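Participant: Shown below is the structure under consideration.
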């Protein structure tokens, strides 16, 4: 071959030799274990920004790829909220999140720390939970074979209303959406008509006028679009909406010891982040529904804020003492009276009336 034709070929060979060699990356080792987790409500910050990233991103990172998880919110997993405790107990769901409000009828004892009217602010709720948590852990383990791993909280449960109101007294005669029997006790004591409506159907109920007011979180309500159907926001925390994350005890004990140690260390951090988020979203939800410039994470509405007055704080406390607590004890029985006396009276006072 003439040198004139070899020169380009030799140049190309020399150029290829100078280029780096890009080899395919080695395949990632399969995880030793993949957990199946059912989380909380899928459309909310708690799940989307905190729960799901913990399981899908943080767990593999913290375990250096040894452990991974598949997580799905229970409202998209075809799992009714009222069945989550039973499915955890049976091990059908090995790791899952249970809304305490979903247990209000079958297991009213689990509502002790978050009864409507009990906790006017997050600091009081923290005290209530700290007092009740050892009892919750013991009862879940002994009665249901469930290991308590974390307790989550949703933003303050406040009132969205279509028509004007100036105080709690103005709820008399109105149909009010509630999420539990205990919330129903609270609004019924005010002369309102409680309507138990699932969270997913709340916007439809308000739009159709079946509910004239609704109790839910300010930011979750904004996410649902309640600011499009309600004109007045009353920001008194009726209660907060709590959930626990637990494991079927047999599934928990079957985990490698180092994974249990990791989860025992990291899930409290997730819990702390969720509580901080609930506090921030309680205010952010108000800002967004009112259309304030401080709204950064939701949709700006045009609702009017109804100030919470001192007489309504007194009314909240009176309704709790005269209606919510006695009716809860009536449903719950002697065991709950003993639980309340043992756990909640030292923390909050409020003894059971003879």
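Participant: Would you check which residues across segment 221-250 are in contact with a helix residue (DSSP H, G or I) (Cβ under 9 Å, 6 or more places away or on another chain) and surrounded by fewer than 19 Cβ atoms within 10 Å (Cβ to Cβ) and list them?
Facilitator: Within segment 221-250, 225, 228, 235, 249 qualify.
Participant: Exactly one condition in (1) assigned to a helix (DSSP H, G or I); (2) at pLDDT below 95; (3) surrounded by fewer than 17 Cβ atoms within 10 Å (Cβ to Cβ) is false for residue 56; which is it?
Facilitator: Condition not satisfied by residue 56: (2).
Participant: Taking helices (runs of 4 or more DSSP H) that do not extend beyond segment 151-230, which have at least 2 residues that are without any contact (Cβ under 8 Å) to a residue 24 or more places away in the chain and either more than 15 Å from the chain's Cα centre (by Cα) or within 21 Å of residue 104 (Cα to Cα) (or both)?
Facilitator: So the answer is 202-208.
Listed here are the residues, each with its yes/no results for (1) part of a loop (DSSP other than H, G, I, E, B); (2) modelled with pLDDT of 95 or more.
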residue: 262; (1), (2): no, yes
residue: 269; (1), (2): no, yes
residue: 281; (1), (2): no, no
residue: 296; (1), (2): yes, no
residue: 315; (1), (2): no, yes
residue: 318; (1), (2): no, yes
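Participant: Have a look at 77, 81 and point out the one that is surrounded by fewer than 20 Cβ atoms within 10 Å (Cβ to Cβ) and in contact (Cβ under 8 Å) with a residue 12 or more places away in the chain.
Facilitator: 77
Participant: Among the numbered criteria (1) more than 30 Å from residue 170 (Cβ to Cβ); (2) in contact with a helix residue (DSSP H, G or I) (Cβ under 6 Å, 6 or more places away or on another chain); (3) surrounded by 12 or more Cβ atoms within 10 Å (Cβ to Cβ), which single criterion is violated by residue 351?
Facilitator: Exception for residue 351: condition (3).
Participant: Select from segment 298-313 the residues that are in contact with a strand residue (DSSP E or B) (Cβ under 7 Å, 6 or more places away or on another chain) and assigned to a loop (DSSP other than H, G, I, E, B) and write down the one among them that is surrounded by the most Cβ atoms within 10 Å (Cβ to Cβ). First the steps, then the outcome.
Facilitator: In the first step, residues of segment 298-313 are kept if they are in contact with a strand residue (DSSP E or B) (Cβ under 7 Å, 6 or more places away or on another chain); the result is 303-306, 308, 312.
Those left that are additionally assigned to a loop (DSSP other than H, G, I, E, B): 303, 306, 308.
Values: 303: 23, 306: 20, 308: 17.
Checked segment 298-313; the qualifying residue surrounded by the most Cβ atoms within 10 Å (Cβ to Cβ) is 303.
Participant: When you check residue 322 against the structure, is it within 30 Å of residue 149 (Cβ to Cβ), touching a residue at least 60 places away in the same chain (Cβ under 8 Å) and in a helix (DSSP H, G or I), yes or no? So that I can check it myself, show each step before the final result.
Facilitator: Values: within 30 Å of residue 149 (Cβ to Cβ): no; touching a residue at least 60 places away in the same chain (Cβ under 8 Å): yes; in a helix (DSSP H, G or I): yes.
No.
The values are calculated or read from the model by the stated rules, or taken from the named source; none is laboratory data. For clarity, every value in this text was computed on a predicted model and none was experimentally measured. Neighbour counts run over all protein chains shown; Cβ positions are idealised from the backbone, glycine included.
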